[in-house]
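The values are calculated or read from the model by the stated rules, or taken from the named source; none is laboratory data. The structure displayed is predicted, hence computed values, not measured ones. All Cβ positions, glycine included, derive from the backbone under ideal geometry; neighbour counts span all protein chains shown. In case anyone asks, the SASA skips ligands and DNA or RNA and just uses the protein heavy atoms, side chains included. Shrake-Rupley method; radii C 1.70, N 1.55, O 1.52, S 1.80 Å.
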Amino acid sequence: MDTRFLESFLTVVESGSMAEAARRLGLTPAAVAQRIRALEEEVGTSLLSRAGRTVRPTEAGNAILARGRHILREVRELRALAGGEMVAGEIRLGAISTALTGLLPAILARLVADAPMLDLYVVPGTSVELYRRVMEGEIDAAIVVKPQFTLPKALDWHLLRTEPLIVLGPEGTAARAPHDLLRSEPFIRYDRNHWGGRLADLYLRQAGIRPRERLELDALEAIAVMVSKGLGVSLLPDWAPPWPAGVSIAKIALPSNAPERHIGLVWSRTSSRIRLIRALLTVTTQL
């Protein structure tokens, strides 16, 4: 069995569509579909069901998911072992949306230069989702928001960036008091399903502020654009640039001791690819 076919199948299941899987794998949708057909012919049954643009695993597909992931992890470990002292093999790295544009490009550019034999597979997602995937061994490490609970001893953590909460207002509001803005203006809330959104919600409750909520969104960039259009104000972390182009906004600092969102790398201490993770860590300390 060609493990590339198995990798394509797992990527389609994880992404939910042929088109997204093709984008992640750097292939055409037709090439991904061809790999899936070859795998189905080899195992003798259909593995995916299609409804419009959505793709889901069949009963047989679900049956081989866990074993398929295990096989690919074993293959990646064999490649790393065969590399000897060289930093070689595949590492699956998760990253939240702001890290994908703000932190990851510089990290990956340095890593590619220092370890050209390292294969990188980047998995986008939310902190909650990526944390779970690290815990379950589906990915090797992730750049996420540090949770407000204590990390289990099985995981390790390296801080990359500290981001204080700020009030974001339309252009022209910079001179106003931040709490006054939060109390009086329509409020665009950062989704409380995200750890950063929960941090903002905790601050509001502790400050006794009940904002006039207009929207609740899970995309920081979209919130910034809506604030720029005069739809309201927001309370969110001052994330790493780039910010959306052309926005006219005011970043207003909170009073002293404002809460901070901590962005960092999380990984399993017992990972079979710990040598590759250490190479990634080395790069982050050099930037």
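Side notes on the structure shown:
- Rolling a 1.4 Å probe over the heavy atoms of the protein chains gives the range 95-199 an accessible area of 44 Å² per residue.
- With one equal scatterer per alpha carbon and no solvent term, the Debye-computed log10 I(q)/I(0) for the range 117-225 at 0.13, 0.15 1/Å reads -0.62, -0.78.
- Restricting attention to the chain, close to 65% of DSSP beta bridges with both partner residues there are antiparallel.
- Restriction of the chymotrypsin sites (Phe, Trp or Tyr not before Pro) in the range 97-186 to DSSP coil positions whose beta-carbon has at most 16 other beta-carbons within 10 angstrom yields Phe149.
- Proximity of backbone amide H atoms, modeled 1.01 Å from N, is registered between Leu254 and Val167 at under 5 Å, excluding neighbours fewer than 5 places apart on the same chain.
- Taken along the Cα-to-beta-carbon direction at a fixed 7 Å, the label points for Leu281 and Trp157 span 1.5 nm.
- Relative compactness, the chain, computed as alpha-carbon Rg over 2.2 N^0.38 Å: 1.15
- C-alpha long axis of helix 59-82 to longest principal axis of the chain, angle in °: 90
- Cα long-axis angle, helix 274-286 against the chain (0 to 90 degrees, to the nearest 10): 40
- Positive dipole terminus of the chain, leading residue within Thr98, Gly208, Thr126 (C-beta point charges): Gly208
- Looking at the range 187-283, the trypsin sites (Lys or Arg not before Pro) that sit in a DSSP loop and have at most 14 other Cβ atoms within 10 Å of their own Cβ are Lys229, Arg269.
- The range 183-201 and the range 229-245 have Cα centres lying 12 Å from one another.
- The phi-based Karplus calculation (6.51 cos²θ - 1.76 cosθ + 1.60; θ = phi - 60°) puts the 3J(HN,Hα) values of the range 222-233 at 5, 4, 4, 5, 5, 4, 4, 7, x, 7, x, 10 Hz, whole numbers, x for Gly and Pro.
- Spin-label pair Asp218/Glu14, simplified geometry with 7 Å Cα→Cβ offset, distance in nm: 1.8
- Over the range 40-189: Kirkwood hydrodynamic radius from C-alpha pairwise inverse distances, Å: 19.5
- Computed E for Thr45/Thr270 - FRET, C-beta separation, R0 41 angstrom, nearest 0.05: 0.75
- Cα-derived Rg over Rh, computed across the range 185-249 with Rh taken as Kirkwood radius: 0.95
- The label point for Thr101 and the one for Ser184, both projected 7 Å from the Cα toward the Cβ, are 3.1 nm apart.
- Per-pair calculated FRET efficiency, R0 = 35 Å: Ala30 and Arg132 via Cβ, rounded to 0.05: 0.60
- Segment Gln148-Val247, extension gain: residue separation times 0.36 nm, minus the distance between their alpha carbons: 32.5 nm
- Among Leu160, Leu231, Leu27, the largest mean-square fluctuation in a Gaussian network model of the chain (Cα springs under 10 Å) belongs to Leu27.
- Cα long-axis angle, helix 3-15 against the chain (0 to 90 degrees, to the nearest 10): 30
- Diffusion of the range 244-287 by Stokes-Einstein, at 37 °C in a medium of 0.692 mPa s and with Rh set to the Kirkwood radius over alpha-carbon pairs, works out to 225 µm²/s.
- Segment Val112..Gln206, full-extension length gain: 29.4 nm, with 0.36 nm per residue of separation and the alpha-carbon distance subtracted.
- Lys, Arg +1 and Asp, Glu -1 on Cβ, resulting dipole of the chain about Cα centre, debye, nearest 20: 440
- Within the accessible area of the chain (1.4 Å probe), percent carbon and sulfur: 52
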